[in-house]
Amino acid sequence: MAGVRAGLLRAMGRQVLLLLAVCATGARGLYFHIGETEKRCFIEEIPDETMVIGNYRTQMWDKQKEVFLPSTPGLGMHVEVKDPDGKVVLSRQYGSEGRFTFTSHTPGDHQICLHSNSTRMALFAGGKLYREERFRLTSESTNQRVLWWSIAQTVILILTGIWQMRHLKSFFEAKKLV
């Protein structure tokens, strides 16, 4: 454990100053936008036997409302890490939010590439789910109104039937047919 910490501190040596400066400005991470077919790669110098941990979250941008939408089911991140020799250290598909880890076994510049697993269908599914949710809420509201209207009609029909029976009974009694 002490070896991992020492390695991590050595790996973060230069970055610690950068992180401290970034933390002083209030930033908590690296934010960037990736199109559905775009791939972002970062090159980071990492010493050998260093554990690297990355946290991520994917969100879709709603152009109309200009806000980030909650993560869409099926939308995720593919992470690929290559060591200085070009060997793949990590290549894995992840969900829409999570953490990836890998340990460097060779010192030098490691290439960390991220790209979304989204396609037009996944983005369409996200918008489709939103529309389906709105439609479901509208349908439930309409169903509630129809139920109460049906109950009101039934009560009116029963009251009308009772009134008609009384009226007919009084009519027949007045004519002395009953």
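The values are calculated or read from the model by the stated rules, or taken from the named source; none is laboratory data. Nothing here was measured: the structure is a model prediction, and the numbers come from that model. Glycine gets a Cβ as well: all are built from the backbone with ideal geometry, and neighbour counts include every protein chain shown. With ligands, DNA and RNA removed, areas are computed over all heavy atoms of the protein, side chains included. Shrake-Rupley method; radii C 1.70, N 1.55, O 1.52, S 1.80 Å.
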*asked:* Once you keep just the Cα pairs under 8 angstrom separated by 6 or more residues, what percentage relative contact order results for region 29-118?
replied: 43 percent
*asked:* Going 7 Å from the Cα of ASP48 along its beta-carbon direction, which residues of region 89-119 have the amide nitrogen within less than 19 Å of the resulting point?
replied: 89-90, 102-111
*Rounded to the nearest whole Å², what accessible area per residue is found for region 29-118 with the 1.4 Å probe?*
63 Å²
*Report, ordered by chain and residue number, the lysines lying within cross-link reach of LYS65, taken as a straight Cα distance under 17 Å and ignoring same-chain residues fewer than 8 apart.*
LYS128
_Sequence ranges 165-174, 85-94, 53-62, ranked by mean other-Cβ count within 10 angstrom, highest first_ = 53-62, 85-94, 165-174
_Using a Cα-Cα cut-off of under 20 Å, which aspartates and glutamates could be cross-linked to LYS63, ignoring same-chain neighbours fewer than 8 residues away?_
GLU36, GLU38, GLU132, GLU133
*Long-range amide H contacts for THR106: which residues qualify at under 5 Å (H placed 1.01 Å from N, peptide plane, sequence gap of 5 or more or a different chain)?*
GLU49
*If each of THR37 and ASP85 carries a label point 7 Å out from its Cα toward its Cβ, how far apart are those two points in nm?*
3.5 nm
*What are the lysines whose alpha-carbon lies under 30 Å from the alpha-carbon of LYS82, with same-chain residues fewer than 8 places away excluded?*
LYS39
*Calculated FRET efficiency for the pair ARG131/GLU97, C-beta based, R₀ 25 Å, to 0.05*: 0.60
*Measure off, as a whole percent, the carbon and sulfur share of the 1.4 Å-probe accessible area of region 29-118, all protein chains present.*
49 percent
*asked:* At 0.36 nm per residue, and after removing the present C-alpha to C-alpha distance, how many nm does the segment from GLN144 to LYS63 gain when stretched out fully?
replied: 25.9 nm
*Placed amide H near GLY76: partners under 5 Å, 5+ positions off or other chain*: ASN117, SER118
